[in-house]
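Below: one structure, written as structure tokens.
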Amino acid sequence: WNEGYYHGSDFFNYGYWLPSTRSFTEASENLLNKLVEFLPQKTGKILDVGCGKGATTRHLLQYFSPSDVFGINISEKQLESCRVNAPGCTFLLMDAVNLSFDEKQFDTVICVESAFHFNTREKFLHEAYRVLKPGGRLILTDILFNRLASQISAQLPTQNYVPNLSAYEALYRRAGFCDVEIIDAREQCWGGFSRMWLQSARRDLQKKEIGMLKYLELGARIRIGHSVVRHYALVSATKA
């Protein structure tokens, strides 16, 4: 991805593309708004897992007070950016599959486009369930890749492969979650992102900001993405 397309916002996700969406940053904000819609009440303590550079956390401050917002990441360098982007929030160096919080600490856990990196996604779901209060919600976006992607990419643990959305939902049930809602938004997220990315690359080529070889490389990456991105899941699950 070209981070410049996000205009320094520190977002780094596919976003949620509506017909009126005109930028990668706007799409990223749309995605977070879609997730927050899952919450009947925007109150209490919230944990942002895999918080990146803090753009998601910063957006959460539209709904939550800084003292109630926590973020974790395995990169201290990225956490430094988080503290600039979302001052007053608490950021900690921590692994998503080994949370050092006590049980029943949070009303909400949010995770944006990170769970497929965790080793493993299922361990994370059990940890999220443990730190949520009864009635608390896990809201997240996740990408289900085909088996080939899991085999060839070191960033995708093979243990995270799931064959279909039914098996994916079963992961949440095994962790103890109820009221599991999964929306497949592949077209709105990956589809919209890939189209806009190719359009942006084409403009960069016309303006001679990139060469033909780079443009062809970007096009090849989009074609690979179409073949390996099977589902883009928007998920809400409740701790009983």
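The values are calculated or read from the model by the stated rules, or taken from the named source; none is laboratory data. Please read these numbers as outputs of a predicted model, since none were measured by experiment. All Cβ positions, glycine included, derive from the backbone under ideal geometry; neighbour counts span all protein chains shown. Accessible surface areas use protein heavy atoms only, side chains included; no ligands, DNA or RNA. Shrake-Rupley method; radii C 1.70, N 1.55, O 1.52, S 1.80 Å.
Here is how the numbers come out for the structure above:
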{"item": "Subset of the stretch 42-59 [charged (D, E, K, R), out of contact with any Ser or Thr (no Cβ under 6 Å at 6 or more places or on another chain) and in contact (Cβ under 8 Å) with a residue 60 or more places away in the chain]", "result": "Lys45"}
{"item": "Selection count where residues are open to solvent by 10 Å² or more (accessible area, probe 1.4 Å) and part of a loop (DSSP other than H, G, I, E, B), scope the stretch 12-48", "result": "17"}
{"item": "Every residue from the stretch 205-240 that is farther than 21 Å from Leu32 by Cβ, open to solvent by less than 80 Å² (accessible area, probe 1.4 Å), touching a residue at least 24 places away in the same chain (Cβ under 8 Å) and not small (Gly, Ala, Ser)", "result": "Ile222, Val228, Arg230, Lys239"}
{"item": "Unmet criterion (only one of (1) of a type outside the set (S, T, N, Q); (2) in contact with a Cys (Cβ under 9 Å, 6 or more places away or on another chain); (3) exposed (fewer than 14 other Cβ atoms within 10 Å of the Cβ)) for Lys53", "result": "(3)"}
{"item": "Options Ser153, Ser100; residue that is surrounded by fewer than 21 Cβ atoms within 10 Å (Cβ to Cβ), touching a Phe, Trp or Tyr at 6+ places or on another chain (Cβ under 9 Å) and among the polar types (S, T, N, Q)", "result": "Ser153"}
{"item": "Complete set of residues in the stretch 69-81 that are open to solvent by less than 50 Å² (accessible area, probe 1.4 Å) and farther than 23 Å from Thr120 by Cα", "result": "Val69, Ser81"}
{"item": "Residue match in the stretch 57-65 (condition: under 17 Å from Leu35 (Cα atoms) and among the aromatic types (Phe, Trp, Tyr))", "result": "yes"}
{"item": "Odd one out for Ala175, checked against (1) surrounded by 14 or more Cβ atoms within 10 Å (Cβ to Cβ); (2) over 18 Å from the mean Cα position of the chain (by Cα); (3) at pLDDT below 95", "result": "(3)"}
{"item": "Residue in the stretch 190-197 that is in contact with a strand residue (DSSP E or B) (Cβ under 6 Å, 6 or more places away or on another chain), touching a residue at least 12 places away in the same chain (Cβ under 8 Å), surrounded by 15 or more Cβ atoms within 10 Å (Cβ to Cβ) and not β-branched (Val, Ile, Thr) present", "result": "yes"}
{"item": "Lone qualifier among Phe91, Phe70, Phe118 - being among the aromatic types (Phe, Trp, Tyr), farther than 24 Å from Gly8 by Cβ and in contact (Cβ under 8 Å) with a residue 40 or more places away in the chain", "result": "Phe118"}
{"item": "Residue check for Asn160: open to solvent by less than 30 Å² (accessible area, probe 1.4 Å), within 15 Å of Phe116 (Cβ to Cβ) and touching a residue at least 12 places away in the same chain (Cβ under 8 Å)", "result": "yes"}
{"item": "Whichever residue in the stretch 121-149 is open to solvent by less than 10 Å² (accessible area, probe 1.4 Å) and over 16 Å from Val235 (Cα atoms) and, among such residues, is modelled with the highest pLDDT", "result": "Val131"}
